[in-house]
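Colleague: First the structure, then my questions, so here it is.
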Amino acid sequence: MDADSRKPLDVIILAAGKGTRLKSDLPKVLHPLFGKPLLERVLETLRPLHRDLGIGTVYVIVGHGREAVTDHLNRLTFPFPIRAVVQEPQLGTGHAVMQARPCLGENGATGREVLVLSGDAPLLRAETLEALVARHRGKQAHVTLLGAELDNPAGYGRLVIEGDRLAAIIEDKDTSEAQRMIRVVNAGIYCLDWSAVLPLFDRISSDNAQGEFYLTDLIALGSEAGLTLRHTLLDDPDEMQGVNDRADLARCHAVLNARLQAHWMAEGVTILSPGTTLIGPDVTIGRDTVIMPGTNLLGEITVGERCEIGPYATMTGTVRVANGAKVIHSVVRDSEIGEESTVGPFAQLRDRAVLSHHVRVGNFVEVKNTRIDHHTNAAHLAYLGDSVLGSEVNIGACAVTANYDAYTGLKHQTVIEDGVKVGCNSAMIAPITLKKNCSIAAGSIITHDVESWDLAIARPRQTEVRQWVTRKIQKSQPDAVAPPKPPV
């Protein structure tokens, strides 16, 4: 479609609810789904829609916890403007949409279309919304409603369909015995011809048990006014899943996880144990990579080809894993792992740890805010913090960089240049530089720079006190049988 011929398409997202059944101080739409709030997941669905159809403005109707919701919206970056609109008090879905009237124009705008979404329904696909808009335009409808066909429709409003026309929505509690057999239900997502439906809002009544204004009343009112009312069905009813309690939130995680795993397996990724694996929507995985059991990929994660991730690996934040790398029984956060490098088992990379290619970070090694060049090994029980390591360095077991000054609160850098060999049980007291090809003797406490090709020994000479054990026993236990003296 030519950009100039696009109809104006605005979006209203209903996000004012408290979410009482969640039993939380956090507003419902800010509860996280794979690390991002439900509301942000809904907004992410609109990115492709903006590219393909164009979006004018997204109006987010806020109420409960509006300061927190608005603050979060202000931190987001999207290719379309987002505007928070306050609903106070919260008097139902129809009342919520009414709050956008001053923004969209009290007199309407010819040709303007409005999508109405729910901020707690994060499983809708962009393709579904595009199909809804296409159906709306193709039928030249004034209202087009998204529905779903369920095996068990109990609890949902039923759609009464007459031919191609949407005739009514009957709430579950109001259905007759015959109407209860209807399996097509209301998914609560609308596409509206704004200028046509605008007059109907003044006729929505709150004369009901809840004393609220319901958006569903638009269908009956539109039918009375002779408007063209249509519907389209979801291919996957899971897309209409909303979040009202913790069980709903768990279902959203499970549905989205299964959907994403199916996608990556179709793209050539092996997932050995889908039931014990979590893969979030911001993850990219290359073909021929194997995801082992117990693995959690929960941030903006990019995994290359031919990698092996897990078992029991967790990645969060922003992580990049290059081709052929392995991460085993380890935790990685906001870090990069180069080609053919190995991390783990039981290692931790965090806070901008960057490994080049063919690096080994082994058992119980922690790397924090450190760059490590190619073919360098830290195989056992080490801590490398705020450091720069060159290539072909070897870090012995239990070696540490002492980077933190507890009195000033400052962290200092350790530089270990190419070819350095650090013996086990050594400590480098930063700031310090170990220059190319020097060696650090085991058990040393290094407090000054070491020059290239030098050996640094910073430990007392071994001393033996003869018969010290014998004298200690005799002094503390006079009646004890003295151990035999060693031969002369």
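Colleague: Is there a residue in the stretch 394-409 that is open to solvent by 60 Å² or more (accessible area, probe 1.4 Å) and within 19 Å of Ser341 (Cβ to Cβ)?
Modeller: yes
Colleague: Moving to a separate point now. Out of all the residues in the stretch 87-98, is one or more out of contact with any strand residue (DSSP E or B) (no Cβ under 6 Å at 6 or more places or on another chain), open to solvent by 10 Å² or more (accessible area, probe 1.4 Å) and within 30 Å of Asn296 (Cβ to Cβ)?
Modeller: no
Colleague: One residue is enough: does the stretch 210-222 have a residue meeting the conditions part of a strand (DSSP E or B), modelled with pLDDT of 90 or more, within 20 Å of Ala121 (Cβ to Cβ) and of a type outside the set (A, V, I, L, M)?
Modeller: First pass over the stretch 210-222, keeping only residues part of a strand (DSSP E or B): none.
For the stretch 210-222, residues part of a strand (DSSP E or B), modelled with pLDDT of 90 or more, within 20 Å of Ala121 (Cβ to Cβ) and of a type outside the set (A, V, I, L, M): absent.
Colleague: For the stretch 37-56, name all the residues that are at pLDDT 95 or above and not in a helix (DSSP H, G or I).
Modeller: Answer for the stretch 37-56, where residues must be at pLDDT 95 or above and not in a helix (DSSP H, G or I): just Pro37.
Colleague: Separate question: So, Leu166, is that one surrounded by 14 or more Cβ atoms within 10 Å (Cβ to Cβ), at pLDDT 95 or above and aliphatic (A, V, I, L, M) or not?
Modeller: no
Colleague: Okay, moving on. Looking only at the stretch 469-484, decide whether some residue is under 39 Å from the mean Cα position of the chain (by Cα) and over 30 Å from Ser356 (Cα atoms).
Modeller: no
Colleague: For the stretch 345-377, enumerate the residues that are in a strand (DSSP E or B) and either under 14 Å from Ser335 (Cβ atoms) or in contact with an Asp or Glu (Cβ under 8 Å, 6 or more places away or on another chain) (or both).
Modeller: Once the filter is applied, which keeps residues that are in a strand (DSSP E or B) and either under 14 Å from Ser335 (Cβ atoms) or in contact with an Asp or Glu (Cβ under 8 Å, 6 or more places away or on another chain) (or both), the stretch 345-377 yields Gln348, Leu349, Arg350, Val354, Leu355, Val361, Glu366, Val367, Lys368, Arg371, Ile372.
Colleague: For the structure I just gave you, tell me whether Gly396 is over 19 Å from Asp454 (Cα atoms) and either out of contact with any Gly (no Cβ under 6 Å at 6 or more places or on another chain) or at pLDDT 95 or above (or both).
Modeller: no
Colleague: Consider Leu198 carefully, then state whether it is closer than 21 Å to Leu9 by Cα and either in a loop (DSSP other than H, G, I, E, B) or not charged (D, E, K, R) (or both).
Modeller: Considered against the rule, which asks whether it is closer than 21 Å to Leu9 by Cα and either in a loop (DSSP other than H, G, I, E, B) or not charged (D, E, K, R) (or both), Leu198 comes out as yes.
Colleague: Now for a separate question. Restricted to the stretch 6-44, and to residues that are open to solvent by less than 30 Å² (accessible area, probe 1.4 Å) and among the acidic types (Asp, Glu), which residue is farthest from Asn296 (Cα to Cα)?
Modeller: The residue in question is Asp10.
Colleague: Within the stretch 331-368, how many residues are among the polar types (S, T, N, Q), free of Cβ contacts under 8 Å to residues at least 24 places away in the same chain and surrounded by fewer than 24 Cβ atoms within 10 Å (Cβ to Cβ)?
Modeller: Residues that pass the stated criteria total 3.
Colleague: For residues in the stretch 409-464 being under 38 Å from the mean Cα position of the chain (by Cα) and in a loop (DSSP other than H, G, I, E, B), which is farthest from Ser387 (Cα to Cα)?
Modeller: Gly409
Colleague: Within the stretch 45-85, can you find the residues that are open to solvent by 50 Å² or more (accessible area, probe 1.4 Å) and in contact (Cβ under 8 Å) with a residue 60 or more places away in the chain?
Modeller: Matches in the stretch 45-85: Arg47, Asp52.
Colleague: Same structure again: Inside the stretch 15-29, can you point out the residues that are in a helix (DSSP H, G or I) and farther than 24 Å from Glu127 by Cα?
Modeller: Within the stretch 15-29, Thr20, Arg21, Leu22, Lys28 qualify.
Here's the yes/no breakdown for (1) hydrophobic (A, V, I, L, M, F, W, C); (2) under 28 Å from Arg251 (Cβ atoms):
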position: Pro27; (1), (2): no, yes
position: Leu30; (1), (2): yes, yes
position: Phe34; (1), (2): yes, yes
position: Thr45; (1), (2): no, yes
position: Ile55; (1), (2): yes, no
position: Ile82; (1), (2): yes, yes
position: Val85; (1), (2): yes, no
position: Thr93; (1), (2): no, yes
position: Val97; (1), (2): yes, yes
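Colleague: Only one of Met292, Met315 is of a type outside the set (Gly, Ala, Ser), modelled with pLDDT of 95 or more, under 20 Å from Val269 (Cα atoms) and open to solvent by 30 Å² or more (accessible area, probe 1.4 Å); which?
Modeller: Met292
Colleague: Against the condition open to solvent by 60 Å² or more (accessible area, probe 1.4 Å), touching a Cys at 6+ places or on another chain (Cβ under 6 Å) and either hydroxyl-bearing (Ser, Thr, Tyr) or farther than 26 Å from Ser330 by Cα (or both), how does Asp479 come out, does it pass?
Modeller: No: the conditions fail for Asp479.
Colleague: Would you please list the contacts, defined by Cβ atoms under 8 Å and residues six or more apart or on different chains, that run from a residue in the stretch 181-207 that is touching a residue at least 60 places away in the same chain (Cβ under 8 Å) and at positive phi to a residue that is among the hydroxyl-bearing types (Ser, Thr, Tyr) and not in a strand (DSSP E or B)?
Modeller: Note: pairs meeting the criteria are Gly188/Thr93.
Colleague: Restricting to the stretch 209-256, and then to whatever is of a type in the set (S, T, N, Q) and out of contact with any Asp or Glu (no Cβ under 9 Å at 6 or more places or on another chain), can you tell me which residue is most open to solvent (accessible area, probe 1.4 Å)?
Modeller: Gln210
Colleague: Same structure again: Find all pairs meeting these conditions: Cβ atoms under 7 angstrom apart; at least six residues apart or on different chains; first residue within the stretch 277-296 and under 14 Å from Met315 (Cβ atoms) and in contact (Cβ under 8 Å) with a residue 60 or more places away in the chain; second residue among the charged types (D, E, K, R) and open to solvent by 40 Å² or more (accessible area, probe 1.4 Å).
Modeller: From the stretch 277-296, the pairs are Asp282/Glu300.
The values are calculated or read from the model by the stated rules, or taken from the named source; none is laboratory data. Nothing here was measured: the structure is a model prediction, and the numbers come from that model. Virtual Cβ from ideal backbone geometry, glycine too; neighbours counted across all protein chains shown. Each accessible area value is taken on the protein alone, full model and side chains, heavy atoms only, with ligands, DNA and RNA left out. Shrake-Rupley method; radii C 1.70, N 1.55, O 1.52, S 1.80 Å.
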